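A short worksheet on the structure shown next.
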Amino acid sequence: MAEAATLHDAFLDELRDAYDAEKQLTKALTKLAKASSNPKLRQAFESHLAETQQQIERLEQVFESLDETVRGKHCDGIAGIIEEGKSIMEEDFDETTMDACLIAAGQRAEHYEMAAYGTLVAWARAMGHTEAAKLLQQTLDEEKAADKKLSSLAEGGINQRAADDAHRDEEQEPVGSAPGSGRKSASSARPGRR
Ligand SMILES: [Fe+2]
Ligand SMILES: [Fe+2]
């Protein structure tokens, strides 16, 4: 019987997964940037694309530090997240609503990466792979910063403008009249809101 695989094997497997995920994300970030209307949002996706390209090189350095050949393994998780993002881009939203949805799609990817790199850093440290841990931590920090940047753009106006567009009718009409719409009034839809 073959020997049971170790945490080191699982670590290499996760690294290959991350390597493939970053490659998938370079294409996805290009699309997210192109689909963005808000110039700051487009800029955020473009600058994270540049970081992602560096992250791919950084992973290559991680493989080297472990004397392993550079290799990717298809990452189904990020493929699913990217697929969902693609269907959002096919929807017929106004520009600001689309921007809010692109942020949501981008943040799903960042959180997936944060989970993956968080594990990789912890495992590298536990096994004493100091150089790998240092490199992976740099990438984890970049993923967290990218996520924060998207939150600040969403909360800095994009969400509110999209929300105002969504509820414009209700604000102008007395509650209850709801002309030509089957939507709930603003007051009944969100009891906990203001
Ligand atoms: Fe990344
Ligand atoms: Fe990322």
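The values are calculated or read from the model by the stated rules, or taken from the named source; none is laboratory data. Remember, it's a predicted structure, so these values are computed and weren't measured experimentally. Because the Cβ atoms are built from the backbone with ideal geometry, glycine has one as well, and the counts that use them run over all protein chains shown. Heavy atoms of the whole protein, side chains included, go into the accessibility calculation; ligands, DNA and RNA do not. Shrake-Rupley method; radii C 1.70, N 1.55, O 1.52, S 1.80 Å.
Can you give me the three principal axis dimensions of the range 1-46 from its C-alpha atoms, in Å, biggest first?
Largest to smallest, the principal-axis extents are 57, 13, 9 Å.
Can you give me the % of accessible surface on the chain that is carbon or sulfur? Probe 1.4 Å, all protein chains present, nothing else counted.
C and S fraction of accessible area: 49 percent.
Please express the Cα-Cα pair-distance distribution P(r) of the chain as a list of whole percents, one per 10 Å bin, running from 0 to the bin with the greatest distance.
8, 31, 26, 18, 10, 5, 2, 0
Given K73/K149; K23/K73; K31/K86; K86/K144, which pairs have Cα atoms separated by over 20 Å?
With Cα atoms farther than 20 Å apart: K73/K149; K86/K144.
With each run of n ≥ 4 DSSP H residues scored as -39500 (n - 2.57), what mean residue ellipticity at 222 nm is computed for the chain after dividing by its residue count and rounding to the nearest 500 deg cm²/dmol?
It comes out at -25000 deg cm²/dmol, rounded to the nearest 500.
Using only C-alpha atoms and all pairs of different ones, pull out the Kirkwood radius for the range 1-92 in Å with one decimal.
For the range 1-92, the Kirkwood estimate is 14.8 Å.
Place +1 on the Cβ of every Lys and Arg and -1 on the Cβ of every Asp and Glu in the range 1-146, take the dipole about the Cα centre, and give the residue among L25, L120, H48 whose Cα lies farthest towards its positive end.
H48
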